[in-house]
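Remarks on the structure that follows.
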């Protein structure tokens, strides 16, 4: 499971980079949904992740 | 052997690891609500408590004030729709539900998009354990409205990847016809409505035990887990396996069933729960009946910490199914405030009493007679007109009372006048509820 968790964390980092460079609302919404799902996966694997990723995104714009 | 776990990794997580995870999440939740909710900041301040003071699970249970639904309703009434109970920016609220308002005013429930994901997920653990799979088709036998239970089941069905058929807007015969035509495999309804549909189908000459339905899944009132007689009736009528979820609209679908069938497991990825003696406020030991106190991680828009459910439960920390998540044997065994479900609507003694008290020509003495009629719990209100009211007007008073209850509680109860001063008076504990239902249709503590 450790390898799976590491891959999910890498995927979130890639998504964050893509979101930072994206100015298309449709694609931005898709990336946001994808990141929520990956955060949810980590949460349901018992990983110590933040409570509310949507607030982090809203802070970063 | 086919997996019965939606997520074996966490459903069988050792208790010590689960508790460490809870502590980490509860500490983060305390910081979150202190920073973002005026309601909780005041709670903490009134208790002279800072989020950093919560260092153990015992700290959380003992130091953090208990919360109750009435507090949230009061705050919302003063500043609608959500008032200081809201912890998320308004622009992140994407869905709104409400409680039925049967205890008084309805509670408004805001959700973020992520909250709807979390809430829907809770249902799935029990559905998966029962045998429901992505190839199944759900039939929803109800109107939608603002009721969280129905919406969250829909969120669950989408997450599993099942086909969804809505029965919204159809009458009972319409539901039967739709089921026979569309051939769904999962029926979602209240348990009593499942039995009502089967009875109507028989009148139509349709045998639903031979229909496509393989599973029935229920919530909203005592069902197959709390009432074994109910399970036997539903499973025989539909020729299907019946499952039950225990949820609370404003909290989460927090206890999604167990394949053993004699209880429900708390979804410990979404909720932290413990049992409290309602008289002393202290925690009771495993196996001892107490009130279920819930903290939800699922509702970030309107967080609920150390929230009173008023459900009396018996908690076990192990189960033959292999899940380590806390198990509530028999689901809800009783209520701290007496409640009965009449045709899908929760009716509280105190709510009826308050309405009777508002009628000037009626005495304070009354009785609520509980019976079982056509697969439903039924309630008759016996009341006394005051002596100055002419008996010719008693019938009119009964109609007024029935209308008043219907308007406030959304359920029509039979109201029956009896001559003044004929109902029993009590010096000490008043007995208002006369339960004439067969024992198998009462919750364990009401038998």
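Are there any pairs, at least 6 apart or on different chains, whose C-beta atoms fall under 8 Å, with the first in the range A:21-36 and without any contact (Cβ under 8 Å) to a residue 24 or more places away in the chain and away from every other protein chain (no Cβ under 14 Å) and the second surrounded by fewer than 14 Cβ atoms within 10 Å (Cβ to Cβ) and not in a helix (DSSP H, G or I), and if so, which? Short answer, once both residue conditions are applied: none.
Looking only at the range B:114-121, decide whether some residue is within 30 Å of residue B:180 (Cα to Cα), modelled with pLDDT of 90 or more and touching a helix residue (DSSP H, G or I) at 6+ places or on another chain (Cβ under 7 Å). Quick ask: steps written out before the conclusion?
First, pick out the residues of the range B:114-121 that are within 30 Å of residue B:180 (Cα to Cα): B:120-121.
Within this subset, residues satisfying the condition of being modelled with pLDDT of 90 or more are B:120-121.
Filter once more, so that each one left must be touching a helix residue (DSSP H, G or I) at 6+ places or on another chain (Cβ under 7 Å): B:120-121.
Yes, the range B:114-121 has at least one match.
When residue A:11 is tested against (1) farther than 23 Å from residue B:111 by Cα; (2) touching a helix residue (DSSP H, G or I) at 6+ places or on another chain (Cβ under 7 Å); (3) within 12 Å of another protein chain (Cβ to nearest Cβ), just one condition goes unmet, and that condition is (3). List pairs: first residue in the range B:17-45 and within 8 Å of another protein chain (Cβ to nearest Cβ) and closer than 21 Å to residue B:76 by Cβ, second residue modelled with pLDDT under 95 and in a helix (DSSP H, G or I) anywhere in the structure, Cβ distance under 9 angstrom, at least six positions apart or on different chains. Sorted first by the residue in the range B:17-45, then by its partner, the pairs are B:32/A:55.
Collect the residues in the range B:203-233 that are part of a helix (DSSP H, G or I), in contact with a helix residue (DSSP H, G or I) (Cβ under 8 Å, 6 or more places away or on another chain) and either surrounded by 20 or more Cβ atoms within 10 Å (Cβ to Cβ) or at pLDDT below 95 (or both), keeping them in residue-number order. Write out each step before concluding.
Of all residues in the range B:203-233, those part of a helix (DSSP H, G or I) come to B:203, B:208-210, B:228-233.
Subset that is in contact with a helix residue (DSSP H, G or I) (Cβ under 8 Å, 6 or more places away or on another chain): B:208-209, B:228-230, B:233.
Once the filter is applied, which keeps residues that are part of a helix (DSSP H, G or I), in contact with a helix residue (DSSP H, G or I) (Cβ under 8 Å, 6 or more places away or on another chain) and either surrounded by 20 or more Cβ atoms within 10 Å (Cβ to Cβ) or at pLDDT below 95 (or both), the range B:203-233 yields B:208, B:228, B:229, B:230, B:233.
Residues in the range B:10-27 that are over 27 Å from the mean Cα position of the chain (by Cα), in a helix (DSSP H, G or I) and farther than 15 Å from residue B:58 by Cα: 1 in all. For first residues located in the range B:46-66 and over 23 Å from residue B:278 (Cβ atoms) and assigned by TED's automatic domain parsing to the domain that holds residue B:30, partners that are part of a loop (DSSP other than H, G, I, E, B) and at pLDDT below 95 and lie 6+ apart or on another chain with Cβ distances below 7 Å do not occur. Only a single criterion out of (1) assigned to a helix (DSSP H, G or I); (2) away from every other protein chain (no Cβ under 14 Å); (3) out of contact with any strand residue (DSSP E or B) (no Cβ under 8 Å at 6 or more places or on another chain) is not satisfied by residue B:157, namely (3).
Mind listing just one residue for me: the one in the range B:400-418 that is part of a loop (DSSP other than H, G, I, E, B) and out of contact with any helix residue (DSSP H, G or I) (no Cβ under 8 Å at 6 or more places or on another chain) and, of those, modelled with the lowest pLDDT? Break it down stepwise before answering.
Narrowing the range B:400-418 to residues part of a loop (DSSP other than H, G, I, E, B): B:410-413, B:418.
Next, from what is left, pick out any that are out of contact with any helix residue (DSSP H, G or I) (no Cβ under 8 Å at 6 or more places or on another chain): B:410, B:418.
Details: B:410: 80, B:418: 96.
Result: B:410.
So which of A:50, A:58 is under 18 Å from residue B:21 (Cα atoms) and modelled with pLDDT under 95? I'd like the intermediate steps shown before the answer.
Values: A:58 fails: under 18 Å from residue B:21 (Cα atoms).
Being under 18 Å from residue B:21 (Cα atoms) and modelled with pLDDT under 95 holds for just one of A:50, A:58, which is A:50.
Considering only residues of the range B:76-91 that are assigned to a helix (DSSP H, G or I) and surrounded by fewer than 20 Cβ atoms within 10 Å (Cβ to Cβ), which is nearest to the other protein chains (Cβ to nearest Cβ)? Before you say what the answer is, go through the steps one by one.
Here is the first cut: in the range B:76-91, the residues assigned to a helix (DSSP H, G or I) are B:76-78, B:83-85, B:90-91.
Now restrict to residues that are surrounded by fewer than 20 Cβ atoms within 10 Å (Cβ to Cβ): B:77-78, B:83-84, B:90-91.
Numbers: B:77: 27, B:78: 26, B:83: 20, B:84: 18, B:90: 12, B:91: 8 Å.
Result: B:91.
The residue that is nearest to the other protein chains (Cβ to nearest Cβ), among those in the range B:260-269 that are within 17 Å of residue B:124 (Cβ to Cβ) and in contact with a strand residue (DSSP E or B) (Cβ under 9 Å, 6 or more places away or on another chain), is B:267. Restricting attention to the range B:1-10 and to residues that are surrounded by 15 or more Cβ atoms within 10 Å (Cβ to Cβ) and either touching a helix residue (DSSP H, G or I) at 6+ places or on another chain (Cβ under 7 Å) or without any contact (Cβ under 8 Å) to a residue 40 or more places away in the chain (or both), the residue that is farthest from the other protein chains (Cβ to nearest Cβ) turns out to be B:4. The single condition from (1) in a helix (DSSP H, G or I); (2) modelled with pLDDT under 95; (3) touching a helix residue (DSSP H, G or I) at 6+ places or on another chain (Cβ under 7 Å) that residue B:70 fails is (3).
The values are calculated or read from the model by the stated rules, or taken from the named source; none is laboratory data. Fair warning: this is a prediction, and the values are worked out from it, not measured in the lab. Glycine gets a Cβ as well: all are built from the backbone with ideal geometry, and neighbour counts include every protein chain shown.
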